[in-house]
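Before any comments, here is the structure.
The values are calculated or read from the model by the stated rules, or taken from the named source; none is laboratory data. Quick caveat: nothing in here was measured; it's all calculated off a predicted structure. Cβ placement follows ideal geometry from the backbone for every residue including glycine, while neighbour counts extend to all protein chains displayed. All accessible areas refer to the heavy atoms of the entire protein, side chains included, with ligands and DNA or RNA removed. Shrake-Rupley method; radii C 1.70, N 1.55, O 1.52, S 1.80 Å.
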Amino acid sequence: MQVGALRDSYRQERERLLAEPRTMPVTRMIAALTRNADRTLCALWRAQRLPADALLVAVGGYGRRDLFAQSDIDILIATASEPTGELAGRIESFVASCWDVGLEIAHSVRTLEQCLSESEGDITVQTSLLERRRLTGSRQLWDELDSRLAAAMRPGPFFTAKRLEMRQRHAKYDDTPYSLEPNTKESPGGLRDLQVIAWTARAAGLGTTWGELAANGLMTGRETRLLRSRERTLKEIRHALHRLAARREDRLVFDLQTPVARELGFIDGDGRRASEELMQSYFLAAKTVTQLNTILMQNIAAKLFDAPGAEPQPIDHEFRNRGGLLEAIDPGVFERDPPAILRAFLTMQRHSELSGMATETLRAMWLARDRINPRGRANPESRELFMEILKQPRGITHELRRMNKWSILSRCIAPFRHIVGRMQHDLFHVYTVDTHILMVVRNVRRFAIAEHAHEYPFCSQLMAQNDKHWVLYLAALFHDIAKGRGGDHSKLGRVDALHFCRTHQVADEDSALVAFLVEHHLTMSSIAQKRDLGDPDVIAGFATIVGTVERLNALYLLTVADIRATGPKVWNSWKGRLLEDLYHATRRALDGESHGQPADRLDARRREAVRALNLGAIAPALYEQFWSQLDIAYFMRNDARDVAWHTRMLYRYPDTPTPIVRARLAPGGDGFQVVVYMPDQKDLFARVCGYFDRKNLSVMDARIHTTAHGYALDSFLIVDPSGESRYRDILSLVESELTERLQQQAPLATPVQGRISRRSRYFPIVPQVDLRPDEQGQHYLLSIVASDRTGLLYRIARVLGEHDVSLYTARVATLGERAEDVFLIDGASLSDPRAQLRLETDLLATLETGH
């Protein structure tokens, strides 16, 4: 058959297969794609008249007949000796014809000796050749290649190398199957983990199919059926990815999650997206694969390596230590006595010499997990054991994670089952709900460990004052447990927490604290980032909510742990400072120190600023003259450190006609502070925002003040979202450039057409604008929610300027890629409802422009 005819035949069959309805089993689809490639390659081999002593071998994924829609077709062309002359030309023509036909091959040309030598020195080559399959060519050369590769295989070193390779790969993906954009092939729990089992078992001569592994005692019939089912799920998803992306795409990226979900028959319903159903199905499959991978790799290791010669050391009547692993003396104990499952985890905590659990113990516990059913949860001993696990001095995070990995935690806490593998459809959480919850527990736990006290000293100090750490761990376990049910998850979680506390005999006082923390776990963060902490009424209102110092301490600790667990880019020192400022102000209110008059609080802040200024030997007469132009609002909205800095920088220029711009590193090192002092002018805030917009820098906080003699004293906290700027190196540049720009008085530049991120497109946020009087009725609070992007604040500032709105403060809270900005504003026109409507309409229009 000519190359043209082969091309038409191959492509027509491939297109026919890929057009098949999704009802065709994925295993049949992959097998049919493999046969189509086999037929075409063999026909091309014959057409190019390759000599009888040459050999064509399928290797890698193609060798094991796992050919997905966009997979590489891995082939080996083997020859008895180095190809030269006519043979080299024919091989070159064969390779070219493969590409002409449309076969995307990854090929190698090796002699028999090269195959052997490269296999010995390269684990990747050895693995690829392990899945060799003869397609056509010399039978004699095949038999010799096959036998010599088999003889050269050393199962023990191969197993060790593949296990190390797997651990390194898992570390690359943060050792979790629960990435929101997982790689269906490479992530923990992906297809590669199944292939590692198959490779090491094949190398050890323990079987080439799952059935053979079961026949050799590596897994039970139930485990075999479960493994096949989960493998089929992963293959269906990967095949759909390849088909829909029309490229080699193994990642379940946001853009493809919904199309893949629909391709596989998932539909929207009951308040859940089809993509959520797909991802929970994927995570369930990946979790099961990680469980079975652990069991089977330990079983294969037991076949390959001699067990340590030492006799197992008894721990108690149920468990013993075998080579550092917890082993149940009778694995059947978990089925007969379900509380023994929790006793196993408790034993792990109490014996630091144990590094894990023996295979048979893990397997028996995992197979008995359904014995922790409603009746099992009602067992008083099980309830007592779970509380004991939370109260242990060590191993809490490790054992809770181990319980979650082996599907025990969701049996002990029934609502937890609904959030295992559940995605969070927002722009700042980067983990599934269950992973996030356990990271919050970990963060709280670290506050109690001396080795981590240097990370968050104040949190460690507060934790040391708390003698019931388990209350915080329990609140952490329940704070997001009602996600995805509809309604307010904080209130629903409170109900779940109270039910758990009641059934587990938790004292009323402790139950009330847990319920309070779950219900209000978002309150402190919201107030710190969105409200004016210089307003006594804000502090008094929050103090009323918390009620006691004990609750304030606990809520502060849970809030810090929660924010830090949402994602690596969400926490920064600015948020830490806001939370700490709110904590201290509320603590003073609870201690009865803030009931004085505003003048008393003003004097206290001034005295603190004076102490800082005295260190710089500034004459009181100089700064008092400068302060005479500042009112109470300025001192209440700026802490003493900032007041002292502003004064040192500006007291020499009380009536300067030109702008004064000064910058310094922000306390904590996250960003830098800028203060602008000049005769006030319209659009000043917009001009400053426009400058930083052009520099791809973000304004995180702005405090706008006008002095008694008509000067603007505006301060800003600036960060680089990319994290690439060396702030110390750009301070002088910012001072000179911003000064020059403010002197030019040029018309406001057109806003940059900011691009929203790929994730924001997948999780679209409907822009929200809310305008209402503040609690004192003196100003207006403007709240804006939108997808964050370059130029967003500048756009908002332009609209405010166009409506002659005066700005007093701006709080820019960026949660991942979600912007939640709060502005304290005023203006004569705002008293007119029609003017308010026009402002809100224009703001919505500018927020939607960038979408």
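Quarter the surface of the alpha carbon convex hull of the range 453-598 and you get the mean projected area, 9.5 square nanometres.
Under 1.5 on a/c is rounded, so check that first for the range 98-253, then, if it is not, pick prolate when a/b is larger than b/c and oblate when it is not; a ≥ b ≥ c are the square roots of the alpha carbon gyration tensor eigenvalues.
Taking the square roots of the gyration eigenvalues as a ≥ b ≥ c, the range 98-253 is oblate.
Here the chain is treated as a sphere whose radius is the Kirkwood value from Cα pairs; by Stokes-Einstein at 37 °C and 0.692 mPa s it diffuses with a coefficient of 104 µm²/s.
What number, in nm² with one decimal, is the all-direction average of the projected area of the convex hull of the alpha-carbon atoms of the range 1-131? Orientation-averaged projected area of the Cα hull: 8.1 nm². Its Cα gyration tensor gives the range 311-369 an equivalent ellipsoid, and the semi-axes of that ellipsoid, as √(5λ) in whole Å with the largest first, are 17, 11, 10. A simple rule links phi to the HN-Hα coupling: the Karplus curve 6.51 cos²θ - 1.76 cosθ + 1.60 with θ = phi - 60°, which for the range 366-383 gives 5, 5, 9, 4, 6, 6, 8, 9, x, 5, x, 5, 7, 5, x, 5, 4, 5 Hz, with x for Gly and Pro. All Cα-Cα distances of the range 314-445, cut into 10 Å bins from zero to the largest, leave 12, 42, 34, 10, 2, 0 percent in each bin in turn. Restricting the calculation to Cα atoms, every distinct pair contributes to the Kirkwood radius of the range 659-748, found to be 13.3 Å. Each Cα pair under 8 Å and six or more residues apart adds its separation to the average, and for the chain the resulting relative contact order is 7 percent. Each semi-axis of the equivalent ellipsoid for the range 456-520 is √(5λ) with λ an eigenvalue of the Cα gyration tensor; in descending order they amount to 22, 15, 8 Å.
If one puts a single equal scatterer on every Cα of the range 681-722 and applies the Debye formula without solvent, what log₁₀ I(q)/I(0) results at q = 0.27 Å⁻¹? For the requested q values the scattering log ratios are -0.96. Sparse packing (at most 10 other Cβ atoms within 10 Å of the Cβ) combined with a DSSP loop state is found for none of the trypsin sites (Lys or Arg not before Pro) in the range 494-554.
By the gyration tensor of its Cα atoms, with a ≥ b ≥ c the square roots of the eigenvalues, what is the shape of the range 392-465: rounded for a/c under 1.5, prolate for a/b over b/c, or oblate?
Since a/c reaches 1.5 but b/c is at least a/b, the shape of the range 392-465 is classed as oblate.
Using only DSSP helix segments of four residues or longer, with each worth -39500 (n - 2.57), what per-residue ellipticity at 222 nm results for the chain after dividing by its residue count and rounding to 500? That calculation yields -17000 deg cm²/dmol at 222 nm.
Tell me whether the range 255-387 comes out rounded, prolate or oblate; compute the Cα gyration tensor, take square roots of the eigenvalues as a ≥ b ≥ c, and use a/c under 1.5 as the rounded threshold. Oblate, because a/c is 1.5 or more while a/b does not exceed b/c.
Cα axis of helix 684-694 to longest principal axis of the chain: angle in degrees, 0 to 90, nearest 10? Roughly 20 degrees, rounded to the nearest 10. Taking the DSSP beta bridges with both ends in the chain, the antiparallel portion is around 90 percent. Under a model in which nothing but the beta-carbon of Lys, Arg (+1) and Asp, Glu (-1) is charged, the chain shows a dipole of about 2020 debye around its Cα centre. Electrostatic bookkeeping for Val769 treats Lys and Arg as +1 and Asp and Glu as -1; over the other residues with beta carbon under 13 Å from its beta carbon, the sum is -3. Scalar couplings 3J(HN,Hα) for the range 626-638, obtained by applying the Karplus form with A = 6.51, B = -1.76, C = 1.60 to θ = phi - 60°, are 5, 5, 5, 8, 10, 9, 4, 4, 4, 5, 6, 8, 10 Hz; x denotes Gly and Pro.
Could you give the alpha-carbon Rg of the range 605-713 over 2.2 N^0.38 Å, rounded to two decimals?
The value comes to 1.08.
Taking the 1.4 Å solvent-accessible surface of the range 624-729 as the whole, the part contributed by carbon and sulfur is 46%. Note that the range 1-81 presents 46 Å² accessible area per residue, ligands and nucleic acids not counted, probe 1.4 Å.
Residues whose amide H falls under 5 Å from that of Leu326, counting only those 5 or more places apart or on a different chain, are Ser355, Gly356, Met357, Ala358, with hydrogens built in the peptide plane. Go through Lys468/Lys575; Lys162/Lys303; Lys235/Lys303; Lys530/Lys575 and tell me which ones have a Cα-Cα distance over 20 Å in this structure. In this structure, Lys468/Lys575; Lys235/Lys303 lie more than 20 Å apart at Cα.
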